[in-house]
Amino acid sequence: METLINLCNLNCIPYKEKHRIKYETYFKMGGIVNLLISPVNIKQLADVVSEAKKRNIKYKLIGFSSNLLILDSVEYGVFISTKNVTCINEECNRIDVSSGYSLSELVRLMLLRGVSGYEGLEGIPGSIGGAVVMNAGAYGYEISDKIIDVTFVDSVGRVRTKPREYFDFRFRTSIFKTNTDLCILSVGFDLENENGLSKSEIANKIEVFHIARHSYQEFSYPNLGSMFSTRQDMYREILRHGVKQKFSYWFLKLLIKNPLVKRFNRKKPTNNIFNKLIFNFYEVDYPVSHKSINILINNGDVTDVDILKHMKNMQRLYKENTCIENEICIENAIIIPEDIKSYIS
Ligand SMILES: Cc1cc2nc3c(=O)[nH]c(=O)nc-3n(C[C@H](O)[C@H](O)[C@H](O)COP(=O)(O)OP(=O)(O)OC[C@H]3O[C@@H](n4cnc5c(N)ncnc54)[C@H](O)[C@@H]3O)c2cc1C
């Protein structure tokens, strides 16, 4: 770690030692980080990552941590944050955006340029790097749709640029997800307005998607979006076993999810009744979001163990073999308490 600190000192790269990361994470949780490095440009990011690779130092890259569960009771080694790497370079038909730039801001930039194809990404709270890793998307849009190429640090520390096809983008995944050794530096996006929409049509779509998010996205408590990446109705899936469960689900669905009741509840959409239905049939010992049982929230009273236990329980209730989308950050941990170990093995 000393070599990374020396590199930071030599190149004026900001860093913090023995830093409690809790107040900076999206979920407002997280323990002590021995070294948190926050480069401010692409060169600094590439240098730090290459040096760590050369010296075989374990590190974890973080963007806005909106998909990362960083645990309170774990002590971490090195984090490299891309948050301050936010340069933009625009030319002819492309725009190059650094990995720490905000995805929501990109949607705004595209609106100002009158470029369509980014509207559905409205409201996804990640950085460009984090979004590319998991090919973030919604409403039939995916960030990879408009990517021309990606510049990254490869597993031996070289900076390379490859076209979109190289990264095997599929539903919520890419080679960055399976090969965590790669660090995204910047992404080249297409500025062509393929659909020929006008600015006001693009703005209108952004607004529609923004409003739609209010009906199912938790906005009050810190959360990590959907625990499971699914197009299915989680309530129907959980309540699929047993006649009583199925009957109760369909009865309530007809009663509550019809256009009339939905319209009546439109100012404060909730799934509280379906949550109660789940609690009635199964043991769920966790404060779930009233918006959806698929959202993990931090209400300030929950511990690491409560969270991990709840995740396992939800996985068992939903589908045992389904991957949890939220990533439990453990790969650069130095000290893991015993009671946590049993949940992450
Ligand atoms: C309220 C809410 C709503 C959401 N809605 C959606 C949605 O509709 N659709 C969707 O797809 N997702 C959604 N998400 C999930 C999340 O916002 C996205 O996955 C987001 O793109 C993650 O970006 P991030 O910067 O927060 O990544 P982080 O959480 O910081 O990191 C995620 C992963 O990417 C890696 N990583 C980060 N930066 C880099 C980099 N530069 N190079 C290589 N690896 C890197 C990290 O190591 C980590 O493994 C939602 C989350 C929340 C909290």
ask   = Regarding V302, is this residue at pLDDT 95 or above, surrounded by 12 or more Cβ atoms within 10 Å (Cβ to Cβ) and either not in a helix (DSSP H, G or I) or not assigned by TED's automatic domain parsing to the domain that holds Y59 (or both)?
value = yes
query = Are any residues in the range 223-252 touching a residue at least 12 places away in the same chain (Cβ under 8 Å), part of a helix (DSSP H, G or I), more than 18 Å from R172 (Cβ to Cβ) and out of contact with any Lys or Arg (no Cβ under 7 Å at 6 or more places or on another chain), and if so, which ones?
reply = Y235, R236, I238, K244, Q245, S248, L252
request  = For the range 100-119, state whether one or more residues are in contact with a strand residue (DSSP E or B) (Cβ under 6 Å, 6 or more places away or on another chain), of a type in the set (K, R) and more than 30 Å from L4 (Cβ to Cβ).
outcome  = no
inquiry  = Looking only at the range 336-345, count every residue that is touching a Ser or Thr at 6+ places or on another chain (Cβ under 9 Å) and more than 16 Å from T303 (Cβ to Cβ) and tell me the total.
reply    = 0
task = Quick one: S116 ticks every box in (1) in a helix (DSSP H, G or I); (2) closer than 30 Å to G140 by Cβ; (3) touching a helix residue (DSSP H, G or I) at 6+ places or on another chain (Cβ under 6 Å) except a single one, so which number is it?
result = (1)
remark   = In the range 1-21, anything touching a residue at least 24 places away in the same chain (Cβ under 8 Å) and either more than 19 Å from G130 (Cα to Cα) or over 24 Å from the mean Cα position of the chain (by Cα) (or both) is listed as M1, T3, L4, I5, L7, C8, N11, I13, P14
inquiry  = Given the condition surrounded by 17 or more Cβ atoms within 10 Å (Cβ to Cβ) and farther than 19 Å from S144 by Cα, answer yes or no: does some residue in the range 192-204 qualify?
reply    = yes
task = Please specify each residue of the range 218-228 satisfying the condition of being surrounded by fewer than 17 Cβ atoms within 10 Å (Cβ to Cβ) and within 14 Å of the chain's Cα centre (by Cα).
result = P222
query = Among (1) free of Cβ contacts under 8 Å to residues at least 12 places away in the same chain; (2) under 28 Å from Q232 (Cβ atoms); (3) basic (K, R), where does R160 come up short?
reply = (2)
request  = Among the residues of the range 312-326, count how many are within 16 Å of the ligand (Cβ to nearest atom) and crowded, with 19+ Cβ neighbours inside 10 Å.
outcome  = 1
task = Would you check if G114 is in the same structural domain as L182 (by TED's automatic domain parsing) and more than 11 Å from the ligand (Cβ to nearest atom)?
result = yes
request  = Would you mention how many residues in the range 1-43 are of a type in the set (A, V, I, L, M, F, W, C), surrounded by 14 or more Cβ atoms within 10 Å (Cβ to Cβ) and outside any strand (DSSP E or B)?
outcome  = 11
query = What are the residue pairs meeting all of these: first residue in the range 204-222, first residue under 28 Å from E24 (Cα atoms), second residue part of a helix (DSSP H, G or I) and at pLDDT below 90, Cβ atoms under 9 Å, and 6 or more apart or on different chains?
reply = S215/K262; F219/R213
request  = Could you please give the count of residues in the range 132-174 that are near the ligand (Cβ under 10 Å from one of its atoms) and of a type in the set (V, I, T)?
outcome  = 5
ask   = Residues in the range 184-193: is at least one in a loop (DSSP other than H, G, I, E, B) and in contact with a Phe, Trp or Tyr (Cβ under 6 Å, 6 or more places away or on another chain)?
value = no
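The values are calculated or read from the model by the stated rules, or taken from the named source; none is laboratory data. This one's a predicted model, so the numbers in the text were calculated from it and none came from an experiment. Every residue, glycine as well, gets a Cβ built from its backbone with ideal geometry; the counts of neighbours run over all protein chains shown.
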